[in-house]
Amino acid sequence: MTGNNITEMVDMVFDLDGGTLPAAYPFALWEALIHRVPQLAAEKPVGVLPLRGTGNNEELLLPKRAKLVMRVPATLADLVASRLTGQQLEITGNTVRLGAAKTRAIQPYPTIHAQLVTGASDEILFMEDIKKQMGELGVTGKLICGKRLAINGGQKSIQGYSLVLHDLKAEASLQLQYLGLGEDRQFGCGIFIPYKVISGLSED
């Protein structure tokens, strides 16, 4: 646990057997998960990492060794594993099956990134707000704003930017990975994971 009594989070990694999902799968996936584990809905830091696959604006094709990764409080890990292992989830007419679960500790990497962090449509305003959020958490680091992205579905439209944070101290890295930035963690937004260090990083 880091300072300020922040709840320790872990990643629950499930084998995922499925085929194709709609590009807006995060909304239906979250509904399917909380149907089986209602306790997840009460924990704001809980998140579902974006699924890896190939696709376009319409659909996502899952690889044969696909994984579902959920970021949950360590105290809920056993419950999540027991409720979800072996379950079939219906995602807007598509069926996926969850296999065995593994618990993965979150490590304090100095460079982390999130696929999409929600925020203002204007990049300058977005970056100002991110810096404000980091200040409120009492953490410092360097920021690199990436592409503007969106998740569009019948229920909701989410917009934001990809974001890389680097030169982070260990405690700040853990705190940002535990809590995230922005909103909509349950739809895969604002969740940070380790990022490979590359040379020539430039800041905005």
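Considering every residue within segment 133-149, establish whether at least one is β-branched (Val, Ile, Thr), in a loop (DSSP other than H, G, I, E, B) and in the same structural domain as Leu29 (by TED's automatic domain parsing).
The answer is no, given that none of the residues of segment 133-149 is β-branched (Val, Ile, Thr), in a loop (DSSP other than H, G, I, E, B) and in the same structural domain as Leu29 (by TED's automatic domain parsing).
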When only residues in segment 104-163 that are touching a His at 6+ places or on another chain (Cβ under 9 Å) and β-branched (Val, Ile, Thr) count, which is surrounded by the most Cβ atoms within 10 Å (Cβ to Cβ)? Ile112
Output the number of the condition that Gln107 fails; it satisfies all remaining conditions of (1) polar (S, T, N, Q); (2) modelled with pLDDT of 95 or more; (3) touching a strand residue (DSSP E or B) at 6+ places or on another chain (Cβ under 6 Å). (3)
Farther than 21 Å from Thr20 by Cα, loosely packed, with under 15 Cβ neighbours inside 10 Å and of a type in the set (Val, Ile, Thr) - does that describe any residue in segment 76-88? no
Just give me the residues in segment 122-132 being acidic (Asp, Glu), assigned to a helix (DSSP H, G or I) and more than 20 Å from the chain's Cα centre (by Cα), in sequence order. Glu123, Glu128
Residues that are out of contact with any Phe, Trp or Tyr (no Cβ under 9 Å at 6 or more places or on another chain) and either more than 26 Å from Gly182 (Cβ to Cβ) or among the polar types (S, T, N, Q) (or both): list the strands (runs of 3 or more DSSP E) wholly contained in segment 1-117 that include at least 1 such residues. 9-17, 20-22, 59-61, 88-91, 94-105
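The values are calculated or read from the model by the stated rules, or taken from the named source; none is laboratory data. Here the structure is a predicted model, which is why all the values come from computation and not from measurement. Neighbour counts run over all protein chains shown; Cβ positions are idealised from the backbone, glycine included.
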